[in-house]
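Below you'll find the structure, written out as structure tokens, and then a few comments.
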Amino acid sequence: MANLFQRTAARTAAGLACLLLLTACGGVGGDDDAANDSDGEVASLTTPATDGGADSASASADPDAGRPRIRLDSTNEETNRMYDAWLSCLKDHGAEDKYKRKPNDPSVLACRTKEPLSPPELDPAKNPDYSDDVREMVKCMKGHGIKALVHEGNWALETGDELNRPHYDEYEIDCQVKAFGEGK
């Protein structure tokens, strides 16, 4: 079972870090794009407010504003590029290997906007249909001949050898979109 989650570790690490950060901050919510103005630039804290500032201040305080978002249909290459950019930033800012234990380290804070966010559909706290979607994911993977199962409320592979099956990555993305996507 130790190898079951190796494939999804990179995808879930950002989501777990985000969840921990939001929990520590008291659960900041809102639209991920709320802090973005129409030309795609991220609004700063010094952006003048037009309506008294209450909405602008809360949008600018959103820790997820401007962060790259992994989509359900993101390929491994796309996901790896997002994580590579974040890890490169951490390295450039002198982050130690144990940066995860130091969420307020200056290097971690400097690179916060580059840390990828997992798809909200894969977060049980944000997806009310998560349990049903997990079962659909397992059913779809089995339909492609991949030995998958529900394990502790999440989907998993029976063995790590399943990762070596031909077209595994394609099947995983296809099933993820079908099981967790909004147009299912």
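The values are calculated or read from the model by the stated rules, or taken from the named source; none is laboratory data. What you see is a predicted model; the values in this text were computed from it and never measured. Quick reminder, even Gly has a Cβ in these numbers, built from the backbone with ideal geometry, and neighbours come from all protein chains shown. Only protein heavy atoms, including side chains, enter the accessible area calculation; ligands, DNA and RNA are left aside. Shrake-Rupley method; radii C 1.70, N 1.55, O 1.52, S 1.80 Å.
Annotations for the structure displayed:
- Residues in the range 154-177 that are without any contact (Cβ under 8 Å) to a residue 60 or more places away in the chain and within 18 Å of the chain's Cα centre (by Cα): 4 in all.
- Failed criterion for T75 (all others in (1) modelled with pLDDT under 95; (2) open to solvent by 80 Å² or more (accessible area, probe 1.4 Å) hold): (2)
- All conditions but one from (1) open to solvent by 40 Å² or more (accessible area, probe 1.4 Å); (2) farther than 24 Å from L163 by Cα; (3) assigned to a helix (DSSP H, G or I) apply to K126; the one that does not is (3).
- Among the residues listed as I146, I173, the single one being within 22 Å of E78 (Cα to Cα) and buried (at least 16 other Cβ atoms within 10 Å of the Cβ): I173
Matching residues to (1) touching an Asp or Glu at 6+ places or on another chain (Cβ under 9 Å); (2) in a helix (DSSP H, G or I); (3) closer than 24 Å to P124 by Cα; (4) basic (K, R):
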{"position": "M141", "(1), (2), (3), (4)": "yes, yes, yes, no"}
{"position": "I146", "(1), (2), (3), (4)": "yes, no, yes, no"}
{"position": "V150", "(1), (2), (3), (4)": "no, no, yes, no"}
{"position": "A156", "(1), (2), (3), (4)": "no, no, yes, no"}
{"position": "D161", "(1), (2), (3), (4)": "no, yes, no, no"}
{"position": "P166", "(1), (2), (3), (4)": "no, no, no, no"}
{"position": "Y171", "(1), (2), (3), (4)": "no, yes, yes, no"}
{"position": "Q176", "(1), (2), (3), (4)": "yes, yes, yes, no"}
{"position": "E182", "(1), (2), (3), (4)": "yes, no, yes, no"}
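- Unmet requirement for G183, which otherwise passes all of (1) at pLDDT below 95; (2) buried (at least 18 other Cβ atoms within 10 Å of the Cβ); (3) among the small types (G, A, S): (2)
- Checklist (1) within 30 Å of A85 (Cα to Cα); (2) surrounded by 14 or more Cβ atoms within 10 Å (Cβ to Cβ) applied to P166, failing item: (2)
- Enumeration of residues in the range 103-123 that are free of Cβ contacts under 8 Å to residues at least 12 places away in the same chain and either open to solvent by less than 80 Å² (accessible area, probe 1.4 Å) or under 22 Å from H151 (Cβ atoms) (or both): D105, L109, P120
- Residue list for the range 82-102, filter: in contact (Cβ under 8 Å) with a residue 60 or more places away in the chain and open to solvent by 100 Å² or more (accessible area, probe 1.4 Å): K100
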